[in-house]
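Visitor: Take this structure, written in structure tokens, and hold onto it; I'll ask about it next.
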Amino acid sequence: MSDVRWLTEREQEIWRAYLAASVEFGAHIDRQLRRESGMPMAYYEILVRLSEAPDHCLRMSELASASLSSRSRLSHAVSSLEKNGWVERRPADGDRRGWVCSLTSEGYATLAAAAPGHVTTVREKLFDVLTPEQLETLREIGVAISAGLKADCEDACGASAGEEPCEA
């Protein structure tokens with residue numbers, strides 16, 4: 001393992017700070033949504049993506065990609081959302097293999113009721129604690145990390161033809 005580029009003490013500090021903030025922030029947002037709206041963050045994200053789509057409708061594969069979810073995890077979540085009456089799933093027009101998920105009016109109302117508490121929490125715990133310069137840096141960091149991961153994912157998917165496309 002002599003070719004391993006071990007982290008310096010400073011790099012370990014940065015990594016651990018990033019990891020702690022990311023995990024703690026995600027958990028905080030998830031707890032807030034569950035407490036105030038009765039849904040986990042993953043369900044909220046699915047409803048948001050559908051609300052932003054034309055006609056509040058997306059193919060399941062597009063929804064998985066947009067919500068940063070695997071297709072199997074998305075399918076499980078959509079089943080739960082269907083039981084709540086928040087989404088509907090149907091075969092895609094003219095495509096025997098594809099499925100479409102659409103946001104119901106009840107789902108839209110649920111999202112509209114959940115959004116103020118969610119946005120308030122994000123504002124208070126992220127935007128209000130960082131300077132405008134830090135926020136811009138955070139955006140740039142997120143874009144850079146996502147771009148690097150997407151490139152690796154595309155390389156891996158190209159090497160393993162026939163497998164499910166990557167969802168970065």
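Rule-based calculations on the coordinates, nothing more; no lab input. Keep in mind that what you see is a predicted model, and the values were worked out from it rather than measured. Cβ: placed from backbone, ideal geometry, glycine included. Neighbour counts: every protein chain shown.
Visitor: When VAL48, VAL78 are ordered from fewest to most other Cβ atoms inside 10 Å of their Cβ, what list results? Before the final figure, lay out the partial values.
Guide: Numbers: VAL48 17, VAL78 23.
Ascending number of Cβ neighbours within 10 Å: VAL48, VAL78.
Visitor: Using amide H atoms built 1.01 Å from N in the peptide plane, name the residues 5+ places from VAL100, or on other chains, whose amide H lies under 5 Å from its own.
Guide: MET60, ARG90, ALA92
Visitor: Counting only residues 5 or more places away or on other chains, whose amide H sits under 5 Å from the amide H of VAL87 once H atoms are built in the peptide plane?
Guide: Result for VAL87 returns GLU82, THR104.
Visitor: Right, here's the next one. Give a residue-ordered list of calculated ³J(HN,Hα) values for the range 31-36 (Karplus: 6.51 cos²θ - 1.76 cosθ + 1.60, θ = phi - 60°; whole Hz; x for Gly, Pro).
Guide: Per-residue couplings from phi come out as 4, 4, 5, 5, 5, 8 Hz.
Visitor: Which FRET efficiency value, to the nearest 0.05, do you get for PHE25 and ARG96 by plugging their Cβ-Cβ distance into 1/(1 + (r/R0)^6) with R0 = 45 Å?
Guide: Working: r = 42 Å, r/R0 = 0.93.
With R0 = 45 Å, the Cβ-Cβ based efficiency is 0.60.
Visitor: Taking 0.36 nm per residue of separation and subtracting the Cα-Cα distance, what length does fully extending SER70 through GLU36 add?
Guide: Gain in length upon complete extension: 9.6 nm.
Visitor: Hey, another quick one. Mind pulling the angle between the C-alpha long axis of helix 105-125 and the longest principal axis of the chain? Nearest 10 degrees, somewhere in 0 to 90.
Guide: 20
Visitor: Another question, then. For the chain, what is the convex hull volume of its Cα atoms per residue in Å³?
Guide: On the way: hull volume 26.8 nm³, N = 168.
Output value, Cα hull per residue: 160 Å³.
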